[in-house]
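Worksheet: one structure, shown below.
The values are calculated or read from the model by the stated rules, or taken from the named source; none is laboratory data. Predicted model, so just to flag it, every value in this text is computed and none were measured. Here the Cβ is made from the backbone with ideal geometry for all residues, glycine too, and neighbour counts use every protein chain on show. Please note that ligands, DNA and RNA were not included when accessible areas were found on the heavy atoms of the full protein model with its side chains. Shrake-Rupley method; radii C 1.70, N 1.55, O 1.52, S 1.80 Å.
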Amino acid sequence: MSELKARLKNDLTTAIKARDKVRTGTLRMVLAAISTEEAAGSTSRSLGDDEITRLLTREAKKRREAAEAFDKGDRPEQAAAERAESEVISDYLPKQLTDEELSSLVAEAVTETGAEGPRAMGQVMKVVNPKIAGRAEGARVAAEVKRQLAG
């Protein structure tokens with residue numbers, strides 16, 4: 001079992017004992033999503049930490065988007081609940097890159113590939129994505145690559 005999955009299970013037990021409803025519900029949902037992912041496909045498999053991190057990133061993004069939708073729909077209680085779940089999930093994600101760190105990683109990738117102009121965006125993304133690995137949202141990375149290639 002991966003370290004991250006073991007940590008999630010241990011934290012679930014702790015949350016249940018502490019009667020922390022939000023954390024308990026969120027961790028149960030995350031572990032269910034991991035189990036579903038492991039069972040998907042023709043053969044079952046065990047997810048590694050990298051795959052679990054990607055799944056957690058996806059789940060956190062879903063919560064943020066749902067919170068925004070609830071805000072637009074004038075449903076603040078549901079928006080707050082989604083944000084609380086997102087915060088629990090983000091505890092298990094790697095520390096996010098600052099704008100300066102992201103900018104310098106993208107600049108290195110642009111230099112490394114010798115890319116010029118917006119058409120080279122795919123080239124740069126291919127080089128920069130493995131270096132970022134869950135520490136920045138894809139849309140943020142793409143926006144920074146676009147900005148640097150345009151300038």
Legend entry - Near pairs, Cβ below 8 angstrom, 6+ apart or cross-chain, from the range 103-121 (in contact (Cβ under 8 Å) with a residue 40 or more places away in the chain) to any residue that is surrounded by 10 or more Cβ atoms within 10 Å (Cβ to Cβ) and of a type in the set (D, E, K, R): S103/E144; V106/E144
Legend entry - Hits in the range 127-142 (condition: open to solvent by 60 Å² or more (accessible area, probe 1.4 Å) and either of a type outside the set (G, A, S) or on the phi < 0 side of the Ramachandran plot (or both)): N129, P130, K131, R135, E137, A139, R140
Inset, instruction - Check A109 against each of (1) open to solvent by 60 Å² or more (accessible area, probe 1.4 Å); (2) over 16 Å from G134 (Cα atoms) and name the one condition it does not meet. - result: (1)
Legend entry - Number of the exception - E77 against (1) open to solvent by 60 Å² or more (accessible area, probe 1.4 Å); (2) closer than 30 Å to M29 by Cα; (3) touching a residue at least 24 places away in the same chain (Cβ under 8 Å): (3)
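Answer yes if at least one residue in the range 55-67 is under 30 Å from V145 (Cα atoms) and acidic (D, E), and no otherwise.
Yes - at least one qualifying residue is present in the range 55-67.
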Inset, instruction - Look at V124 and say whether it is open to solvent by less than 60 Å² (accessible area, probe 1.4 Å), outside the structural domain of V30 (by the TED database), over 18 Å from L8 (Cβ atoms) and free of Cβ contacts under 8 Å to residues at least 40 places away in the same chain. - result: yes
Legend entry - Yes/no for R147 being farther than 30 Å from K5 by Cβ, part of a helix (DSSP H, G or I) and open to solvent by 40 Å² or more (accessible area, probe 1.4 Å): yes
Legend entry - Out of A66, A60, sole residue that is closer than 23 Å to A142 by Cα, modelled with pLDDT of 95 or more and not basic (K, R): A66
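Okay, residues lined up against (1) out of contact with any Lys or Arg (no Cβ under 6 Å at 6 or more places or on another chain); (2) among the charged types (D, E, K, R):
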| site | (1), (2) |
| --- | --- |
| E87 | yes, yes |
| T98 | yes, no |
| L105 | no, no |
| G117 | yes, no |
| V124 | yes, no |
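Can you name the residue in the range 85-115 that is of a type in the set (D, E) and in a helix (DSSP H, G or I) and is also nearest to the chain's Cα centre (by Cα) among such residues?
So, considering only residues that are of a type in the set (D, E) and in a helix (DSSP H, G or I), the one nearest to the chain's Cα centre (by Cα) is E87.
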Inset, instruction - Hey, can you tell me all the residues within the range 80-106 that are polar (S, T, N, Q) and buried (at least 18 other Cβ atoms within 10 Å of the Cβ)? - result: S86
Legend entry - Hits in the range 13-32 (condition: β-branched (V, I, T) and either open to solvent by less than 50 Å² (accessible area, probe 1.4 Å) or not in a helix (DSSP H, G or I) (or both)): T24, T26, V30
